[in-house]
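The values are calculated or read from the model by the stated rules, or taken from the named source; none is laboratory data. The structure displayed is predicted, hence computed values, not measured ones. In this analysis, Cβ positions are derived from the backbone assuming ideal geometry, glycine residues included, and neighbour counts consider all displayed protein chains. Just so you know, the surface numbers come from the protein's heavy atoms only, side chains and all, with ligands and any DNA or RNA stripped out. Shrake-Rupley method; radii C 1.70, N 1.55, O 1.52, S 1.80 Å.
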Amino acid sequence: MISLNIEKTFGFISKESISAYEAKVKEAQEALENGTCKGSDFLGWLHLPSSITKEHLDDLKATAQVLRDNCEVVVVAGIGGSYLGARAVIEALSNSFVWLQEKKNAPTILFAGHNIGEDYLYELTEYLKGKKFGVINISKSGTTTETALAFRLLKKQCEDQRGKETAQKVIVAITDAKKGAARVTADKEGYKSFIIPDNVGGRFSVLTPVGLLPIAVAGFDIDKLVAGAVEMEKACGADVPFEQNPAALYAATRNELYKNGKKIEILVNFNPKLHYVNEWWKQLYGESEGKEGKGIFPAAVDFSTDLHSMGQWIQEGERTIYETVISVEQPTHKLVVPSDDENLDGLNFLAGKRVDEVNKMAELGTQLAHVDGGVPNMRISVPALTEECIGGLLYFFEKACGISGYLLGVNAFNQPGVEAYKKNMFALLNKPGYEAESKAIRARL
């Protein structure tokens with residue numbers, strides 16, 4: 001499915017230093033399998049791909065078809081892991097300009113509930129006026145401020161525009177099985193609902209209904225997506241030898257680089273369709289490892305776009321970084337550089353070549369320049385942007401994250417630091433129950 005090349009890290013670290021991780025990685029794999037690691041209550045993602053049933057996928061596809069049949073637009077309301085996985089897959093597989101087309105075979109997928117921008121929400125509600133739209137509300141509690149606020153607006157607009165009966169059909173809840181405001185609302189209103197498993201954290205939830213339903217609504221094959229993840233689950237299994245296990249090697253290499261002063265990992269793509277895979281990855285690793293004063297800082301760039309901005313810093317800035325490049329071997333389409341009689345731009349030497357060949361040489365040239373500049377490089381090769389390959393890539397990163405967090409010595413499955421801003425925000429907004437905090441925080445202003 002995918003392959004990992006770590007050769008361009010040697011010279012900064014040694015092959016022997018990576019091999020020395022074998023016993024510790026085996027220990028990490030066993031701790032994940034046996035549920036003896038920190039955060040073991042949230043290991044439901046580990047064998048999630050292989051546990052997904054045909055009946056479950058059929059239910060998701062049937063619900064997606066209802067939304068496709070009755071909606072021009074579907075808004076996914078969620079924040080963090082409740083939208084990034086779905087958006088990563090949808091954008092990786094979509095036509096970059098499909099939103100410009102008047103006739104499509106699937107609804108336009110939009111996202112809300114991941115910010116509190118008044119202009120964003122106003123412009124969204126204006127865009128939805130007169131349109132047949134539906135909503136997928138993704139929230140375990142139903143009280144996360146960003147998502148709850150967006151859903152309150154969208155629910156009212158949908159009911160006002162389409163009527164309560166139709167709104168009931170085109171609003172879907174993905175939430176807790178038994179408790180929380182979103183569950184109460186779904187049961188009261190009679191919405192179709194799916195469950196977010198208790199043992200799967202948000203950033204690991206892309207292969208639950210959280211990701212699978214929006215992806216299916218967008219018209220992509222979730223059977224193939226899951227099948228790709230199943231294959232990668234096998235390829236990264238605890239029984240796979242260390243040197244053949246891409247997740248094990250990636251986790252070991254990044255931790256050895258970290259030990260050697262490389263504190264920042266930059267995820268690089270040379271295909272703009274992978275921008276939101278970068279964003280999903282940033283949350284996965286940032287929220288999993290950034291604890292107890294530890295953790296590799298996850299950054300991301302889109303090349304060659306960012307070579308004309310961040311490229312200078314990467315080439316010659318502080319040498320505390322390394323890069324992991326996602327390389328797509330085969331593009332979906334073919335486009336050849338034409339010849340030009342005047343050749344004013346000097347590009348006739350490229351005439352007859354595929355654009356992807358130019359892109360691949362930019363990728364190789366960049367890697368060589370950055371390694372020469374003191375930046376270790378890893379390369380993840382993805383055969384193509386298909387459902388199977390994307391499913392495999394996502395599971396690879398998840399499994400490596402679980403191993404890497406164990407090697408780092410942190411609980412990779414909680415996020416206590418995320419609550420700090422919420423407490424302050426509620427106090428500043430005078431939320432009932434936060435009176436003491438409100439008084440204390442205002443004394444600091």
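For the reader, a short list of remarks on this structure follows.
- Debye-sum result for region 36-116 in log10 I(q)/I(0), which assumes one identical scatterer on each alpha carbon, at q = 0.18, 0.22 Å⁻¹: -1.02, -1.26
- Probing with 1.4 Å while keeping every protein chain in the model, the per residue accessible area of region 83-210 equals 48 Å².
- Burial ranking of peptide ranges 41-49, 364-372 (average Cβ count within 10 Å, highest at the top): 41-49, 364-372
- For region 220-364, accessible area per residue (1.4 Å probe, heavy atoms of protein chains only), Å²: 48
- Lysines with Cα under 16 Å of LYS263, excluding same-chain neighbours fewer than 8 positions away: LYS282, LYS291, LYS294
- Label-reachable residues, region 41-72, where backbone N falls under 18 Å from a point 7 Å from LYS132's Cα toward its Cβ: 62-72
- Packing rank of 133-140, 344-351, where each peptide gets the mean count of other beta carbons within 10 Å, highest leading: 133-140, 344-351
- For the pair ASP41 and LYS156, label points projected 7 Å from Cα toward Cβ lie 3.5 nm apart.
- Candidate cross-link partners of LYS178 among the aspartates and glutamates, defined by an alpha-carbon separation under 12 Å and a same-chain spacing of 8 or more, comprise ASP187, ASP198.
- Given [x] 30.2; [y] 24.8; [z] 23.2, the label whose value is mean projected area of the Cα convex hull in nm² derived from this model: [y]
- Restricting attention to region 18-116, lysine pairs at least eight places apart or on different chains and with alpha-carbon atoms under 25 angstrom apart total 4.
- Of all aspartates and glutamates in the structure, the ones whose alpha carbon falls short of 16 Å from that of LYS431, not counting any fewer than 8 places away in one chain, are GLU146, GLU419.
- Extended-chain gain in nm, criterion 0.36 nm per residue less alpha-carbon gap, LYS234 and ALA362: 42.7 nm
- Computed extension length for ASP221-SER51: 59.4 nm, one decimal, from 0.36 nm per residue of separation with the Cα-Cα distance subtracted.
- Model label points for ASN260 and PHE97, set 7 angstrom from Cα along the Cα-to-Cβ axis, are 4.5 nm apart.
- Solvent-accessible area assigned to carbon and sulfur over region 9-99 amounts to 52 percent, based on a 1.4 Å probe.
- Centre separation in Å (Cα based) which lies between region 149-217 and region 6-42: 38
- Protection proxy ranking of 145-155, 403-413, 283-293, by the mean of other Cβ atoms within 10 Å over each peptide's residues and highest first, is 403-413, 145-155, 283-293.
- Entry note, the chain: relative contact order of 23 percent, from Cα contacts under 8 Å with a spacing of 6+ residues.
- Efficiency of FRET between LEU429 and GLN312 - r from beta-carbon atoms, R0 30 angstrom, step 0.05: 0.15
- Model label zone, GLU7; criterion: amide N under 17 Å from point 7 Å along Cα-to-beta-carbon; scope region 364-394: 364-372, 376-382
- For ASP340 and SER19, the difference between the fully extended length at 0.36 nm per residue and the C-alpha to C-alpha distance is 110.3 nm.
- Pair ASN414, GLU30: separation of 7 Å Cα→Cβ label points (nm): 2.5
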